[in-house]
């Protein structure tokens, strides 16, 4: 195999990985959206404004922000915008939207009153855990096609890739 054909094969493999990641994400997003609407209907919150508030884009936005809040343990707005890799003004608008929906609240910092922290409300925490649980169930179902050795290899590779994201020199 020539160097050029090897490079082309590698590029094709990368493109395939990207396509498959997108396919998986779209499937997750769709399933979670449907399950959230079902949960909403069971709880009696089925008016049109609620359905609009749980569109796929809003679910993804909410889960990104709620995951950062969980990981960072009630971050400041600056910490949250850094974790989301977006400007503070954009993160602030997103948090404003989630505050108005009752999913997130701002709290004063206990040690510095100039600092504002972001935390999930009970409602926001319940929805975050619901999405996390749905996603975990879907991942378990997808992994059924792998034997335990393949799963362990996959987990190790994903951990390695995720670790490389932490060190920008890699």
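Every number in this text was worked out from the coordinates using simple rules, so none of it is lab data. Quick caveat: nothing in here was measured; it's all calculated off a predicted structure. Every residue, glycine among them, receives a Cβ derived from its backbone with ideal geometry; neighbour counts consider all protein chains shown.
Data overview
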read-out	value
Most mobile listed residue (140, 27, 160) in the chain, GNM with C-alpha springs under 10 Å	160
Contour minus Cα-Cα distance for residue 136 and residue 29 (0.36 nm per residue)	37.3 nm
Helix 56-72 vs. the chain, principal-axis angle (Cα, 0 to 90°, nearest 10)	80 degrees
Mean-position separation - Cα centroids, the range 56-87 and the range 111-129, in angstrom	11 Å
For the range 3-137: rounded, prolate or oblate by the Cα gyration tensor [a/c cutoff 1.5]	oblate
Nearest 10 degrees, 0 to 90: helix 122-143 Cα axis against the chain principal axis	20 degrees
Label-point separation, residue 6 to residue 92 (7 Å along Cα→Cβ), nm	5.2 nm
Crossing angle, helix 148-166 versus the chain [Cα axis fit, 0-90 degrees, rounded to tens]	60 degrees
Sum of -39500 (n - 2.57) over DSSP H runs of 4+, divided by residues of the chain (222 nm, nearest 500)	-25000 deg cm²/dmol
